[in-house]
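Participant: For reference, the structure I am asking about is given below.
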Amino acid sequence: MKMKKVMKTIRLIFGISVISLITLTSCTKDFDDINTNPHGFTTASDGSLFNTVIQSLIPTGDEQFYINNEILYKQTQLAALTKEAWGNYTIGTESIWTNYYGTLPEIRELERRLKSYEESPGVINMQAMLKITLALKTFKVTDLFGDIPFSKAGYGFQDLSLLRPAYDSQREIYLQLLEDLQWAEENISLAVPLTGAYGTFIGFDKLFNGDMLKWRKLANSLRLRHAMRMSEKEPELAGNIIKEIVDNNLPIILGYDFINPLLESACLWPSAMGFKNESLNWSFREHNNLRMGSTVWRQLSRHDSIDGSGIFDPRAYIFFETNNANKWKPYPQLPDINTPSSGGIPYGSHRDQLGAFQIKGETCIYSPFNYFVVRDEDFMPIILITGAETHFLLAEAYFRGIGVGIDKVQAEIEYLNGINSSVEWWTQVARNSKLPSSSMTFPETIPIPGNITPVSVQMQFGFWNATSEEQKLQFIYTQWWLDAFRQPSEAYALVRRTALTPRDGAALAHFRLPYPPSEAAYNNESMSAAISQQGGDSPNVKIWWMP
């Protein structure tokens, strides 16, 4: 009973709602089949706690609605926000904060338990899996907010003096997480008997089903991602990490191995994991203000013909679709007072039925997101990282000489592998996509012309078309940005770091999310110190790794 009271206090102090270990958010309520209900730390198994942590990687509906759809797609210009009708962004920031700090006590409890066990390869693997998952979650939050409570956070149930934890600088957080990921890479064992506690624990690994090579690949791929992200502020350290991975040929998530497609990724696949991603469609259906913008359209089509004859990239058909009149019509990224308003019902669930699929509403005059992308709650993945991204990371490293010698030939090879990987991976996802009610499949509903392939993308965006070295680098970032279409927070990081992704109008001036109001209520002293250290709490305050 005392433990439950302490846990309640922790969550109140962090200004977050008590999160059920059965139902973390609306988008995870159907995770029940794979989640053992822990009634408290004294009864929850290691595996069930870890399952809760994996479950928390699913973005909440409020995060998708108020942050992704209302802020990040607009700021990255991966789509156009046709109307700013939802100013309550704090609902989204509260949701992200709640998701992270509501899960952190479970992570700290697992850390405590695993540390107390007799050391063995199985226990070390369990520790590595936990460190990697914590890194995934923490990088995401610090990259959105900047400095956050970390090293002392989540321990309030063990030490009441830590109920209001101090903030760590983003630099300190990065260095610690990168150290943890290196430890995981160096200590994971690939051939450990599935016996005892380890054997039971592995049964709760719904991300990789106990494949420790994939966990190693994820650890090293995250090291690449975040070493590159901090390369402007910590060039020597970032370069050493990239050099170590490349020189030692450490395993990473790959899209291509020479000419062989691997199409690897780290994703949460709803059907395979036993849940339905129901908040996905809710976030688009109720928001209803996102459409294909003119900025992204110009990266997918050679010209503005509404019949689609200029489209050279298959991802145009996967990410977006025609308007109610079956025409390709982007919404102007910079609309003026004469721009007709957007409307219609392109994300309504009525479209599940074959006879109603084309009914998007007469006022749906602009191309919406593809209905399969926003409605398929079973087979549309929640992406953590793709093989294409690692190729683009390596392309930038070779092109700029970060951790490796400048090698423009190798940079081009990695770049072309990235294009091939992204186009083929997304095509594979579309091929397997189905609508939940009618089981209509993507291929039978939206055929992609056979002459539009990765080659047609290369013919448009190959280095040989660039007129300068800077444009070649822009090509890398453009394709990287497109691959992150359903990872708006990752695209947001790329845009902030490089300032070279496709963009109309003024330069980006939105660099972070303000802290949620609950922090002012429950951890004001620590939050105020962090705000003072960073120079403010507004979106125009740059976070640490930004140039």
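Since every read-out is calculated from the coordinates, none of them should be taken as a lab result. Remember, it's a predicted structure, so these values are computed and weren't measured experimentally. A quick note on method: Cβ atoms are made from the backbone with ideal geometry, for glycine too, and the neighbour counts reach across all protein chains shown.
Participant: For the chain, what is the calculated [θ] at 222 nm in deg cm²/dmol (nearest 500), taking -39500 (n - 2.57) for each run of four or more DSSP H residues and dividing by its residue count?
Facilitator: Helix contribution divided over all residues of the chain: -14500 deg cm²/dmol.
Participant: Arranged from highest to lowest average of other beta-carbon atoms within 10 Å per residue, in what order do the peptides 68-74, 409-415, 234-240 appear?
Facilitator: 68-74, 409-415, 234-240
Participant: Let me ask another. If you average the alpha carbon positions of the range 482-541 and of the range 279-358, how far apart do those two centres end up, in angstrom?
Facilitator: 27
Participant: Name the shape class, rounded, prolate or oblate, that the alpha-carbon gyration tensor gives for the range 164-258, where a ≥ b ≥ c are the square roots of its eigenvalues, rounded holds for a/c under 1.5, and otherwise prolate holds if a/b is larger than b/c and oblate otherwise.
Facilitator: Cα axes put the range 164-258 in the oblate bin.
Participant: Can you give the charge dipole size of the chain about its Cα centre, rounded to the nearest 20 debye, using +1 on the beta carbon of Lys and Arg and -1 on the beta carbon of Asp and Glu?
Facilitator: 740
Participant: Would you mind classifying the range 102-194 by shape? Square roots of the alpha carbon gyration tensor eigenvalues, ordered a ≥ b ≥ c; an a/c under 1.5 is rounded, otherwise it is prolate if a/b is larger than b/c and oblate if not.
Facilitator: Oblate is the answer for the range 102-194, as a/c is 1.5 or above yet b/c matches or exceeds a/b.
Participant: Excluding same-chain residues fewer than 8 positions from K214, which aspartates and glutamates have a Cα within less than 17 Å of its Cα?
Facilitator: Result set, ordered by chain and number: D180, E185, E186, D205, D257, E264, E389.
Participant: For Y256, enumerate residues with amide H under 5 Å from its amide H, sequence gap 5+ or separate chain, H modeled in the peptide plane.
Facilitator: Amide H to amide H, under 5 Å and 5 or more residues apart or across chains, Y256 pairs with L262, L263.
Participant: While we're on this one: For the peptides 295-308, 387-400, what is the packing order when you average, over each peptide's residues, the other Cβ atoms within 10 Å and list the highest mean first?
Facilitator: With the highest mean Cβ count within 10 Å placed first, the list reads 387-400, 295-308.
Participant: Say the cut-off is 23 Å between C-alpha atoms; which of K327/K360; K115/K233; K217/K472; K243/K408 go over it?
Facilitator: In this structure, K115/K233; K217/K472 exceed 23 Å between Cα atoms.
Participant: Within the range 233-275, list the chymotrypsin sites (Phe, Trp or Tyr not before Pro) lying in a DSSP loop whose Cβ has at most 13 other Cβ atoms in a 10 Å radius.
Facilitator: In loop regions of the range 233-275 (DSSP not H, G, I, E or B), the sparsely surrounded chymotrypsin sites (Phe, Trp or Tyr not before Pro) are F258.
Participant: If r is the Cβ-Cβ distance from W464 to L508 and R0 is 25 Å, what FRET efficiency results, to the nearest 0.05?
Facilitator: 0.30
Participant: Highest mean first, how do 284-292, 176-184 rank when packing is the count of other Cβ atoms within 10 Å averaged over residues?
Facilitator: 284-292, 176-184
Participant: So which GluC sites (Glu not before Pro) in the range 303-378 end up in coil per DSSP with only 15 or fewer other C-beta atoms within 10 Å?
Facilitator: Qualifying residues, ordered by number: E362.
Participant: Note down, for the range 419-527, the three equivalent ellipsoid semi-axes (square root of 5 times each alpha carbon gyration tensor eigenvalue), biggest first, whole angstrom.
Facilitator: Listed largest to smallest, the semi-axes of the range 419-527 are 34, 26, 10 Å.
Participant: Along the charge dipole of the range 459-529, pointing to its positive end and built from +1/-1 on Cβ of Lys, Arg, Asp and Glu, which listed residue (T478, P516, P488) has its Cα farthest out?
Facilitator: T478
Participant: If you average the alpha carbon positions of the range 367-385 and of the range 103-129, how far apart do those two centres end up, in angstrom?
Facilitator: 34
Participant: With +1 on each Lys and Arg Cβ and -1 on each Asp and Glu Cβ, and nothing else charged, work out how big the dipole of the range 271-373 is about its Cα centre, in Debye to the nearest 20.
Facilitator: 120
Participant: Once you list every other residue whose beta carbon is under 12 Å from the beta carbon of Y174, what net charge do they have if Lys and Arg are +1 and Asp and Glu are -1?
Facilitator: -2
Participant: Read phi for every residue in the range 303-310 and hand back ³J(HN,Hα) as whole Hz from Karplus 6.51 cos²θ - 1.76 cosθ + 1.60, θ = phi - 60°, with x for Gly and Pro.
Facilitator: Result, ordered by residue: 8, 9, 4, 6, 7, x, 5, x Hz.
Participant: Toward the positive end of the charge dipole of the range 314-459, about the Cα centre and with charges on Cβ (Lys, Arg +1; Asp, Glu -1), which of G403, P314, P346 goes farthest?
Facilitator: The residue sitting farthest along the positive end of the dipole is P346.
Participant: Further question: Would you mind working out the magnitude of the charge dipole of the range 456-518 relative to its Cα centre, with +1 at each Lys and Arg C-beta and -1 at each Asp and Glu C-beta, to the nearest 20 Debye?
Facilitator: It comes to approximately 200 debye.
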